[in-house]
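Participant: First the structure, then my questions, so here it is.
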Amino acid sequence: MKKNMKDVNKPLEISRKLHPFYKGKIEIIPKCRIKDFTDFAIWYSPGVASVCMDIYKNPELVYEYTNKWNSIAIVSDGSRVLGLGNIGAEASLPVMEGKALLYKYLGGVDAYPICLEIKSEDEIIQTTKTLQPSFGGINLEDIEQPKCFTVLNRLKKECSIPVWHDDQQGTAIVTLAGLINALKIVNKKINEVKIAMIGAGSANICISKLLAIYGADLAKMIVVDSKGIISKCDTRMQTQHYEKKRLANLTNINNLQGGIKEAMKNADVLIALSTPGPNIIKKEWIRYMSKDPIIFACANPIPEIWPWLAKEEGAAVVATGRSDFDNQVNNSLGFPGVFRGVLDVRAHSITDSMCIEAALALASCIPDNKINPKKILPNMDDLIVVPRLAASIGVKAIREKVADKKLSYDELFNNAKLIIERSRAITETMMKKGHIKKSAKNPN
């Protein structure tokens with residue numbers, strides 16, 4: 001449905017009013033019982049000393065005696081925040097708090113924003129490594145390329161806890177899941193379609209990898225960066241980082257040249273994660289795509305093309321990154337379930353095959369007979385999503401021998417469901433009791 005600009009900008013206006021009202025979106029509250037002040041002798045000194053010595057003798061007990069089993073750090077240097085660019089650590093904090101809120105409410109995961117006033121790869125890597133004793137996992141967030149690739153790859157090798165870059169793996173999982181179901185609508189196979197990718201940042205680079213692992217033909221893929229279509233014959237690639245060079249060498253086998261318009265010609269699928277729009281993608285360019293094209297215009301906060309314009313020009317399926325439009329392809333459908341699963345089996349890493357498993361689980365949340373052009377993925381409020389992803393990725397981690405705990409699919413599913421229900425009940429109870437107050441500026 002077409003929206004006017006007032007509707008589109010409403011979330012931004014309300015957000016500016018409510019953030020100062022609540023003075024942030026997250027806080028720490030006790031999870032143990034406190035009957036009276038004598039209980040602090042148990043939870044703190046002197047009682048806690050016996051627990052500390054137990055962990056000293058057997059470090060693995062830290063997962064049993066503390067909240068490390070359910071805690072992750074959201075680490076960012078604020079160098080590439082949403083579509084806002086390099087706005088710095090402090091300005092990125094509202095985003096990281098929002099991420100922590102989603103982790104807790106959707107997945108029951110306790111996530112802590114760690115915004116770093118440092119920029120170099122080595123400093124970010126070393127600082128993040130020093131956080132390991134306190135956390136069960138690391139979520140890297142909003143770090144510019146190319147250093148995001150180096151930071152992720154080194155931390156995955158050098159850390160004993162799972163490390164994940166949501167802008168890479170998270171975006172790739174949800175995009176693959178959405179594409180799996182969208183292709184069912186148009187009756188096309190992933191190994192046969194031509195895919196145009198607008199944007200050659202960390203998201204699309206990782207998406208291309210995951211699509212290829214799943215079966216997409218990289219040779220048929222056309223990738224466009226800010227200067228135009230890339231290829232192995234593109235002299236600009238000589239000065240680019242390794243990941244972009246690799247993508248240029250594997251894609252665009254016919255050395256097509258030009259820009260977005262040329263990349264879209266005869267394409268079956270368009271995946272755009274580039275400059276916030278609108279009008280980055282002209283609606284008339286869609287006419288030159290193959291029959292029943294699939295459009296993922298996922299720039300935030302404004303998609304590269306308004307979805308209603310894409311539909312007017314014949315797009316069979318249109319998705320964006322926004323929750324106020326049909327078909328939200330958003331990381332919030334992926335990361336809460338992924339980390340719920342890896343934490344519950346105490347996984348050491350998150351592999352590519354675990355990401356594929358998560359994408360399949362997410363796609364399967366909608367039965368084939370319920371998939372339609374306005375519904376290719378479940379909504380964020382679908383209670384089955386996180387438990388299903390958690391159980392699927394947890395079982396996969398066990399099979400890949402990267403997990404310390406062995407649990408069945410049903411055990412993981414039910415455990416995730418209970419944790420999430422508790423998390424949401426806490427928020428709902430605090431709202432009912434008035435401990436989370438209504439704002440007169442947004443009484444809903």
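Participant: Please list, ordered by first then second residue, the pairs with beta carbon atoms under 8 Å, 6 or more apart or interchain, first in segment 287-313 and in the same structural domain as S226 (by TED's automatic domain parsing), second among the aromatic types (F, W, Y) and in a loop (DSSP other than H, G, I, E, B).
Facilitator: Listed by first residue and then by second, the contacts come to P303/F325; P307/F325.
Participant: Filter segment 111-155 down to the residues that are within 17 Å of the chain's Cα centre (by Cα) and among the charged types (D, E, K, R), then identify the one that is nearest to L343 (Cα to Cα).
Facilitator: Applying the filter and picking the extreme gives E141.
For every residue, the table says whether it meets (1) out of contact with any Ser or Thr (no Cβ under 6 Å at 6 or more places or on another chain); (2) free of Cβ contacts under 8 Å to residues at least 24 places away in the same chain; (3) closer than 25 Å to S323 by Cβ; (4) not hydrophobic (A, V, I, L, M, F, W, C).
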position	(1), (2), (3), (4)
A347	yes, no, no, no
A358	yes, no, yes, no
D368	yes, no, yes, yes
L389	yes, no, yes, no
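Participant: Next question. Restricting attention to segment 289-299, does a residue exist that is of a type in the set (K, R) and either at pLDDT below 95 or in contact with a helix residue (DSSP H, G or I) (Cβ under 7 Å, 6 or more places away or on another chain) (or both)?
Facilitator: No, segment 289-299 has no match at all.
Participant: Scanning segment 121-154 for residues that are surrounded by 20 or more Cβ atoms within 10 Å (Cβ to Cβ) and small (G, A, S), which turns out farthest from E243 (Cα to Cα)?
Facilitator: Ranking the candidates gives G136 first.
Participant: When S15 is evaluated against the numbered criteria (1) modelled with pLDDT of 95 or more; (2) closer than 30 Å to I124 by Cβ; (3) not basic (K, R), which criterion, by number, is the only one it fails?
Facilitator: (1)
Participant: Please state which one of N67, N58 is under 26 Å from R340 (Cβ atoms), touching a strand residue (DSSP E or B) at 6+ places or on another chain (Cβ under 8 Å) and modelled with pLDDT of 95 or more.
Facilitator: Residue meeting the stated conditions: N67.
Participant: What are the residue pairs meeting all of these: first residue in segment 102-130, first residue farther than 15 Å from E141 by Cα, second residue among the acidic types (D, E) and part of a helix (DSSP H, G or I), Cβ atoms under 9 Å, and 6 or more apart or on different chains?
Facilitator: The qualifying pairs are G108/E421; K129/E158.
Participant: Going by the conditions given, is F325 part of a loop (DSSP other than H, G, I, E, B), touching a residue at least 12 places away in the same chain (Cβ under 8 Å), under 30 Å from A100 (Cβ atoms) and among the aromatic types (F, W, Y)?
Facilitator: yes
Participant: Residues that are within 28 Å of H435 (Cβ to Cβ) and touching a Gly at 6+ places or on another chain (Cβ under 8 Å): which helices (runs of 4 or more DSSP H) entirely in segment 4-110 hold 3 or more of them?
Facilitator: Because the criterion is at least 3 residues that are within 28 Å of H435 (Cβ to Cβ) and touching a Gly at 6+ places or on another chain (Cβ under 8 Å), the helices (runs of 4 or more DSSP H) in segment 4-110 that meet it are 89-107.
Participant: Right, another one. State yes or no: is D382 crowded, with 24+ Cβ neighbours inside 10 Å and acidic (D, E)?
Facilitator: no
The values are calculated or read from the model by the stated rules, or taken from the named source; none is laboratory data. On a predicted model such as this, the values are computed, not experimentally measured, just so you know. Because the Cβ atoms are built from the backbone with ideal geometry, glycine has one as well, and the counts that use them run over all protein chains shown.
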